[in-house]
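What follows is a single structure, written as structure tokens, with notes after it.
Just so it is clear, none of the values below were taken in a lab; they were calculated from the coordinates. Everything numeric in this text was worked out from a predicted model, so none of it was measured. Cβ placement follows ideal geometry from the backbone for every residue including glycine, while neighbour counts extend to all protein chains displayed.
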Amino acid sequence: MRRRAAAWIAIYLLLVLAPQAVLLLGEVPPGREFWWDFSMALGFAGMAMMGVQFALTARLRPLTAPFGIDIIYLFHRYLAWIALALVLVHFGILWLGYEEALGPTIDPREAPWELTAGRAALVLFALAVITSEWRKLLRLEYGLWRYAHVALATLGFAAAVAHILGIGYFTAAPVKRVLWLSVTLVWVLLLVWVRVAKPWEQKRHPWRVVAVRPERNDTWTLALEPDGHAGLKGFSPGQFAWLTLRGSPFGLREHPFSIASAPEDLPRIEFGIKALGDFTGRIGEIRPGEVAYLDAPYGVFSIDRVPDAAGFVGIVGGIGVTPMMSMLRSMAARADRRPVWLFYGNKTWEKVVFREELEALRSRLDLRLVHILEEPPEGWQGETGHVTRELLERHLSPELRPRLHHFLCGPPPMTAAAEKALHELGLPAHRVQTEVFELV
């Protein structure tokens, strides 16, 4: 798996650097000053990175398998900032040192179209990054943001290609234009795959809601069964799905949720969904019989990925318990007696989701259940506060810790504190795995 991960990283670097090499083939314009050529290189590198961004969100299983799609999406997010920075520096160098190259005016009615296209691409890319990074602060509804993000990224990319071909610097030769247009065609086909082909496949394999039941802490269990097809294939406990309810799979209204049920329960699958935002706040209104669509399964957050582990530790908070429920239910169905420690943080005792089922699972598993409450009830004898090194030391023996695989899922402050505590305890990095709590 590490070799596959290294191979994909090498492919990414090749895709970003390849345009630079292509530009040097055949007839090359005479070199100018260092900063001019450096600016051109940054512009082409930023453009290549923006193009590869489409691949990172295409949910290509060979690409996501070594890392997990949550890490790929995080990578996509950070690389967007880097690509935008490269393009901004490209523009900044020209503005500071070669102002004549930017034309006499920025008025699109009078400026050369290719320069206007470049400025438009820069603005569109910046808006795509900013509205994604601060979507909640800007109070952008999720569905509206999805539409805007796709439109901004696609139009920005088209404007950038037009800018590059219109300027013609390094790309005037016919063979280079053909190469750039070919690369552009690949990115367009990738977009068609994500926005047309995959939704079409989901449309052909619908699901039906068979149950919606309330849990503690404004959480709902949503159960689905396949409608006219076999259901999920290759599902491992702990993975997640992109779910569409009350809408078309073409409508950009899908949301990622961890699957709470076990593979042994297939074809039926269940989700644990907390009523939090625009979509989830209405989850209790869903009724049995309604149509749903899934793009699944995804993720590497699973006991099946670490068959050599002597046991498992789950450190979860709130609804972050959902993937662990899938793993625990699967272990119970398999009669897997490897030891499990579940450190489960919540604000109050009444907010502990799946509380009764977790207690029942103790009779079927070698499960040590450690509840951690911020506001414990009177007479509480368990752990309080937050996950700390001292708390983990009280429950995990130093001899066994390195042989256990540790799964972390919950609010970012909790997982960051848990990662720090495990690092201080000397846990090897490959024995600690964190699920990114929010993909978007």
Checklist outcome for this item: Per the 1/(1 + (r/R0)^6) rule, R0 = 25 Å and r from the Cβ atoms of L17 and R204, FRET efficiency to 0.05 is 0.05
Checklist entry - If one computes the Cα centroid of the stretch 65-143 and of the stretch 394-426, what distance in Å separates the two points? => result 38 Å
Checklist entry - How far is the Cα center of the stretch 354-376 from the Cα center of the stretch 289-305, in Å? => result 25 Å
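May I ask you to sort W36, W180 by Cβ crowding, counting other Cβ atoms within 10 Å and putting the fewest first?
Lowest to highest Cβ neighbour count: W36, W180.
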Checklist entry - If you take the square roots of the eigenvalues of the alpha-carbon gyration tensor of the stretch 303-435 and sort them as a ≥ b ≥ c, do you get rounded (a/c under 1.5), prolate (a/b over b/c) or oblate? => result oblate
Checklist entry - For the stretch 303-435, what relative contact order do you get, as a whole percent, if you take Cα pairs closer than 8 Å and at least 6 residues apart? => result 29 percent
Checklist entry - Quick one: of the DSSP bridges fully inside the chain, what percent are antiparallel, nearest 5? => result 50 percent
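Could you give the semi-axes, largest first, of the ellipsoid that matches the stretch 153-258, computed as the square roots of 5 times the alpha carbon gyration tensor eigenvalues and rounded to whole Å? List each step's numbers first, then the result.
Details: eigenvalues 369, 47, 28 Å².
For the stretch 153-258, the semi-axes come out at 43, 15, 12 Å.
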Checklist outcome for this item: Taking Cα atoms only, helix 34-56 is inclined relative to the longest principal axis of the chain by an angle, in degrees rounded to 10, of 40 degrees
Next on the checklist: Going by amide H atoms built from the backbone, whose H comes under 5 Å of the H on T434, apart from near neighbours?
Outcome noted: L408
Next on the checklist: Defining a contact as two alpha carbons under 8 Å apart and six or more residues distant in sequence, what relative contact order in percent does the chain show?
Outcome noted: 12 percent
Checklist entry - Over the stretch 2-202, what is the relative contact order in whole percent, taking alpha-carbon pairs under 8 Å and six or more residues apart? => result 24 percent
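I need the shape label for the stretch 206-298. Rule: rounded when a/c is under 1.5, else prolate if a/b > b/c, else oblate, with a, b, c from the alpha carbon gyration tensor.
Details: a/c = 1.44, a/b = 1.21, b/c = 1.19.
Note, shape of the stretch 206-298 comes out rounded.
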Item to check | Residue of Q381, Q53, Q202 that the Gaussian network model of the chain assigns the largest fluctuation, springs spanning Cα pairs under 10 Å | outcome: Q381
Next on the checklist: If the reach is capped at under 16 angstrom between alpha carbons, list the lysines near K347, excluding any in the same chain fewer than eight residues apart.
Outcome noted: K274
Item to check | Stretchable slack from A41 to V178, in nm (0.36 nm times residue separation minus alpha-carbon distance) | outcome: 47.4 nm
Checklist outcome for this item: Exposure proxy check on L144, L365: fewest-to-most Cβ neighbours within 10 Å is L144, L365
Next on the checklist: Test of understanding: ordering E390, E254, E215, E378 by Cβ neighbours within 10 Å, fewest first, what list do you get?
Outcome noted: E378, E390, E215, E254
